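The values are calculated or read from the model by the stated rules, or taken from the named source; none is laboratory data. Just so it is clear, the model here is predicted, and its values are computed rather than measured. When the accessible area is computed, the model is the full protein with side chains, heavy atoms only, and any ligands, DNA or RNA have been set aside. Shrake-Rupley method; radii C 1.70, N 1.55, O 1.52, S 1.80 Å.
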Amino acid sequence: MKRSFQSTVYVIFVIVTFIALAKAFMVYENPFSVYENPLVWLALIGFILVVVLKELVNTLAIKKATELQNEKDGIIPEPSNAWIQKLLKSWTNAKAVEEEQEIVLDHNYDGIRELDNSLPPWWVYMFYASIVFAIVYLVRFEVLDGDSQIVEYDKAVAEAKAELNKYRSTATDLITADNVSLLTDAKDLGRGKAIFNLNCASCHLGDGGGSIGPNLTDEYWLLGGGIKNVFTTISNGGRDGKGMIAWNKTLKTEDIAKVASYVVSLQGTTPAQSKAPQGEKWEE
């Protein structure tokens, strides 16, 4: 009766699963999409669960029948962890305590006797593998003169730089220090001023006169003037250890170009308080 019920449930789930799949292929563009057709997945999961449960029940039934038959025949069953013991024995190749007399050596030190145990197979296999690795390594790097890790790294960096340069040469909208140009449009300068007041005025003051940072209105620059140098300084940061931070992780390149153009536009203006000149006089 139980087996008949299990078979009936199994057949029902098989039929439901195939119906759901057939419907999915006829109705949906992507029949296996969880969002479009969750019924397929529910049916598949249910089908898998039924198969697993069916096999589990059969396995338990066979195991119970085997135990009853062994008990009837007077056969002592193996312990549940017998497979673990077999695995450990195969990987250690150790003798049982009862069999140690077979491997006792003649050496005797104050009553301490030595056993001639075999090396564990796992250790032997690892030793053989290390020999094979050493041979391959020797041939690869000493005979065939293969690239070392440093050479491979340098090649990878060179390839990455070549790909980056190729991308820069084809990306017309990519702004770098090499192709940046001075922006004079009022909208661009207005955007640059807004960015300056938000991020730069705390060190350079709102009019560029300088406070913690240098004066941006005179002709003297620590890292060079002009749109390209100003763009580079804002993007990569100032002097190591005492200059401003790099803004290329915070600002977009187009925004850096706009704020750099705004900084250049401050040249020749008269701030309320001018900090003493720093750096060298810049000439285009």
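What does the convex hull of the alpha-carbon atoms of region 207-250 project to on average, in nm²?
3.4 nm²
What lysines does LYS86 reach when the alpha-carbon gap must be under 30 Å and sequence neighbours fewer than 8 apart in one chain are set aside?
LYS54, LYS63, LYS64, LYS72, LYS95
When the C-alpha atoms of region 165-210 are aligned to their principal axes, what extent does each axis show, in angstrom, from largest down?
Over region 165-210, Cα extents along the principal axes are 40, 22, 15 Å.
Jot down the per residue volume, in cubic angstrom and as a whole number, of the convex hull over the alpha-carbon atoms of region 216-284.
Taking only Cα atoms, region 216-284 has a hull volume of 94 Å³ per residue.
Take the cross-link list LYS161/LYS228; LYS155/LYS228; LYS166/LYS281 and give me the ones stretching past 28 Å between alpha-carbons.
Check vs 28 Å cut-off fails for LYS155/LYS228; LYS166/LYS281.
What percentage of the solvent-accessible surface of region 189-284, computed with a 1.4 Å probe over protein heavy atoms, is contributed by carbon and sulfur atoms? Before the final figure, lay out the partial values.
Working: 2800 of 5360 Å².
Within region 189-284, the accessible surface is 52 percent carbon and sulfur.
What's the extension gain from THR176 to SER90 if we count 0.36 nm per residue and subtract their Cα-Cα distance?
24.5 nm
Rg/Rh for region 161-284: what does it come to with C-alpha atoms and Rh from Kirkwood? Kindly include the intermediate steps, with their values, before the conclusion.
Numbers: Rg = 14.5 Å, Rh = 14.9 Å.
Rg/Rh for region 161-284 comes to 0.98.
Non-local amide H neighbours of LEU183 (under 5 Å, H modeled in plane, Pro and chain starts lacking H): which ones?
Hits under the 5 Å cutoff: SER261.
From the convex hull of the Cα coordinates of region 69-204, what is the mean projected area in square nanometres?
On the way: hull surface 112.3 nm².
If you wrap the Cα atoms of region 69-204 in a convex hull and average its projections, you get 28.1 nm².
Tell me the per residue accessible area of region 187-252 using a 1.4 Å probe; a whole number in Å² is fine.
54 Å²
Treating each Cα of region 114-168 as an identical point scatterer and ignoring solvent, apply the Debye formula and state log10 I(q)/I(0) at q = 0.25, 0.29 Å⁻¹.
So the normalised log intensities are -0.94, -1.02.
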